[in-house]
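Chemist: Provided herewith is a single structure, encoded as structure tokens, for subsequent inquiry.
The values are calculated or read from the model by the stated rules, or taken from the named source; none is laboratory data. Keep in mind it's a predicted model, so treat the numbers as computed, not measured. All Cβ positions, even for glycine, are placed from backbone atoms using ideal geometry, and neighbour counts span all protein chains on display. Accessible surface areas use protein heavy atoms only, side chains included; no ligands, DNA or RNA. Shrake-Rupley method; radii C 1.70, N 1.55, O 1.52, S 1.80 Å.
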Amino acid sequence: MRISKKDALTWFEFFAALPEDEEIQIHQQEIILATFAQIEEAVEHRRKQLMAQIKHLKTLEGRTYFVGDENRFPRGCRSCLLGTGLSAIRKTNKCNLECRFCYNYGELDCIPPIGEGMWEIGGTKFYERDLDLLLSIQKKPTGISYVYLEPFMEIEKYYGVIRKFHAAGIHQHLYTNGTLATEETLRALGEAGLDELRFNLGASSCADRVIENIGIAKHYIPYVGIETPMTPEFFDVFFKKKERILETDLDFINCAELHLNANNIGNYEGENMYIARQGYISPIWSRELTLKFMKAADDEGWRPVVHDCSNHTKFARDLNLRSKEGGWFGASSYACEFTRTPFEFFLPTLRDEGFTFLVEEELPHGYRPGELVF
């Protein structure tokens, strides 16, 4: 069904006005999915044009795209996409910043604690003393990551656990906004055996002290880079401070396609949205900015690898993880993060005169606006 943009808008205005408990009928579901397919096809067409402009665009076995020296491609991402997945370790339930793109936006004061002296690994609670038991029983992952808000709020608690996994030969990376890091704590992380540190530089709007900490981290930690949701704000401020950032000698820049959930989507009301494979909802501009960012890196020959961590990449990640876990053919946890489609957030896309569908056809009888749908 190649629904026209005009008909899609009429229907989505109708869906957006429905009460939340109103059941969506089967014919209406077909209209919704046809609209999403039309939007996504147009988005992909625009992206192909941008990708064609990147002279040395590379792929990691078809699972993601990047530019630059493959030897600098982040080991944590390689583990995620080619290895036995990316085991997340959770500890800190607090953050010193509140970013509009954060998946926990608006609920940072009510994130449940992991527990005193405990760590969450694979959904299970462990004391540090339990890690030898865990490593002696279960197969080691190729990589683990320390996630869950800002670890530098209690970074001294991390050193012992990092030593344990380092001794086991597991690649480890940690995320931070970088504002609380010091030379002392960065040195301690390196001495403990942390392999890779990722700075969310967009969280601080490329603050000078965070850029300085990236350079300091390079003295003590083998691989240091940036991982930030790609937004217009980050894109603009990065290029204003580009030379200073690149002078830190960082290894990689992961440009994450911003996807939204119920917590943060309201912060992007009015932006043009699309839904990828009926899964993640993202502003259209996010990956388009990444591709423009990569073109600049390629044209100018930046030292760090620039990685397109897109919704496509996350889809590949989940396929790889389920495969390594012995899942059935096609198994994946990739899915939409909304229990009910937020129709109103797609209206700006459908109302944008500059956004066009590639091919449009008249709706068949029974699907046209004004007709009863059963």
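Chemist: Principal axes first, then extents: for the Cα atoms of the chain, list largest minus smallest coordinate on each axis, whole Å, largest first.
Modeler: Cα spread of the chain along its principal axes, largest to smallest: 69, 46, 39 Å.
Chemist: Still on this structure: Return the inverse of the average 1/r over all pairs of distinct C-alpha atoms in the stretch 49-198, which is the Kirkwood hydrodynamic radius, in Å to one decimal.
Modeler: One decimal place: 17.1 Å for the Kirkwood radius.
Chemist: Relative contact order for the stretch 274-363 using alpha-carbon pairs under 8 Å, separation at least 6, rounded to a whole percent?
Modeler: 28 percent
Chemist: Under a 1.4 Å probe, what is the accessible area of the chain per residue, stated in Å²?
Modeler: 47 Å²
Chemist: Specify the inter-centroid distance of the stretch 221-241 and the stretch 105-138, based on alpha-carbon positions, in whole Å.
Modeler: Rounded to whole Å, the Cα centres lie 29 Å apart.
Chemist: Find the Rg to Rh ratio for the stretch 1-58, where Rh is the Kirkwood radius over alpha-carbon pairs and Rg uses the same atoms. List each step's numbers first, then the result.
Modeler: Working: Rg = 16.0 Å, Rh = 13.4 Å.
Result: Rg/Rh = 1.19.
Chemist: Among Ala207, Phe14, Ile24, flag the residue with its Cα farthest along the positive direction of the charge dipole of the chain, charges on Cβ as +1 for Lys/Arg and -1 for Asp/Glu.
Modeler: So the residue furthest toward the plus end is Ala207.
Chemist: Hey, another quick one. Taking the mean number of other Cβ atoms within 10 Å as a proxy for protection, how do you rank 190-199, 130-139 from highest to lowest?
Modeler: The densest-packed peptide leads the list: 190-199, 130-139.
Chemist: Loop-only GluC sites (Glu not before Pro) in the stretch 219-289, please: DSSP not H, G, I, E or B, and at most 16 other Cβ atoms within 10 Å.
Modeler: Of the GluC sites (Glu not before Pro), the ones in loops of the stretch 219-289 whose Cβ has at most 16 other Cβ atoms within 10 Å are Glu247, Glu269.
Chemist: Based on alpha-carbon centroids, what's the gap between the stretch 151-187 and the stretch 256-290 in Å, whole number please?
Modeler: 31 Å
Chemist: Beyond 21 Å, what percent of the Cα pairs of the stretch 252-333 remain?
Modeler: 43 percent
Chemist: Also, quick follow-up: May I ask you to derive the relative contact order of the stretch 201-298, considering only C-alpha pairs under 8 Å and at least 6 residues apart, and to give it as an integer percent?
Modeler: Working: 114 pairs, mean separation 27.2, N = 98.
Reported relative contact order: 28 percent.
Chemist: Another question about this same structure. Tell me which chymotrypsin sites (Phe, Trp or Tyr not before Pro) from the stretch 308-365 have a DSSP coil assignment and no more than 16 other beta carbons within 10 Å of their own.
Modeler: Working: sites: Phe315, Trp328, Phe329, Tyr334, Phe338, Phe343, Phe345, Phe346, Phe355, Phe357; in loops: Trp328, Phe329, Tyr334, Phe338, Phe355, Phe357.
Listed in order of number, the matching sites are Trp328, Phe329, Phe338.
Chemist: With axes computed from alpha carbons, what is the tilt in degrees of helix 26-51 against the longest principal axis of the chain, rounded to the nearest 10 within 0 to 90?
Modeler: For helix 26-51, the angle is close to 60 degrees.
Chemist: If you don't mind, there's one more thing I want to ask. With charges only on Cβ, +1 for K and R and -1 for D and E, what is the dipole size of the stretch 125-277 about its Cα centre, in debye, rounded to 20?
Modeler: With only Lys, Arg, Asp and Glu charged at Cβ, the dipole is about 480 debye.
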